[in-house]
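As structure tokens, the structure follows; a few thoughts come after it.
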Amino acid sequence: MKKAVIMLLVLVVPASLWAMDINQGKYELSGTTAFNFSDTSTEVTGAPDIDTTSFSFELDGNYYLRNNLGLGLLFLYENDEVDSGGVSVDSSTFIIGPQVIYNFPLNEKVSLFVKAAVGYATLEVDNEDADGWAFQLGGGLKYFFTNSASINGALTYQNQSLEADSGVDIDSSGINIGVGLSIYF
């Protein structure tokens, strides 16, 4: 009976008592690479081969205003190169802007997080430039292997609304899956 009561208490007591809170006043520096780094070739009968190379990198800095609630800055860079039939198209995107993040501690090693960012975006495709706004919504898991470092897995939705110098509107959106590392100090 004593073991049953202990087990019941363990199940009833909230996991947040043992949770990995990110305390007020902490800084978080995080780098993430999306799983869209690729170097692929596509062959279609009767059409030229298509070679695609792409990668992205995101750097976040957050200051925790309250336990688990951070406000910070997002830097994102993405590069794409597509070659088809001797024609090559290169594009690069840069996004910078404020973001907010909130962590939901699950236990002493794992927490869920959600984040949102909005910012200024630029796109360069060959010699054509475009600029405008972008936003990003996402969430994921953090695994703390020490009190000052975590490995992060994230799923984010990103939307960009840009206007080219020539007056053409460019809207793009997509979902990225990424893995990164955060350092807390």
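The values are calculated or read from the model by the stated rules, or taken from the named source; none is laboratory data. Note that the structure is predicted; figures quoted are calculated from it, not measured. No Cβ is skipped: glycine too gets one built from the backbone with ideal geometry, and neighbour counts run over all protein chains shown. For accessibility, only protein heavy atoms count, side chains too; no ligands or nucleic acids. Shrake-Rupley method; radii C 1.70, N 1.55, O 1.52, S 1.80 Å.
Remarks
- Residues in region 95-113 that are closer than 18 Å to Ser172 by Cα and surrounded by 17 or more Cβ atoms within 10 Å (Cβ to Cβ): Ile95, Gly97.
- Number of residues in region 158-172 that are touching a Phe, Trp or Tyr at 6+ places or on another chain (Cβ under 9 Å) and open to solvent by 80 Å² or more (accessible area, probe 1.4 Å): the value is 0.
- Residues that are among the small types (Gly, Ala, Ser), more than 27 Å from Gln24 (Cα to Cα) and either in contact with a Pro (Cβ under 7 Å, 6 or more places away or on another chain) or open to solvent by less than 60 Å² (accessible area, probe 1.4 Å) (or both) are absent from region 61-70 altogether.
- Selection from region 142-151 of residues that are touching a residue at least 12 places away in the same chain (Cβ under 8 Å), part of a strand (DSSP E or B) and either under 30 Å from Glu124 (Cα atoms) or open to solvent by less than 80 Å² (accessible area, probe 1.4 Å) (or both): Lys142, Phe144, Ala149, Ser150
- Criterion applied to Ala116, Ala154, Ala121 was being in contact with an Asp or Glu (Cβ under 7 Å, 6 or more places away or on another chain) and either part of a strand (DSSP E or B) or open to solvent by 60 Å² or more (accessible area, probe 1.4 Å) (or both), and the one residue passing it is Ala121.
- Looking across region 56-95 at every residue that is in a strand (DSSP E or B) and of a type in the set (Gly, Ala, Ser), the one that is nearest to Asn107 (Cα to Cα) is identified as Gly70.
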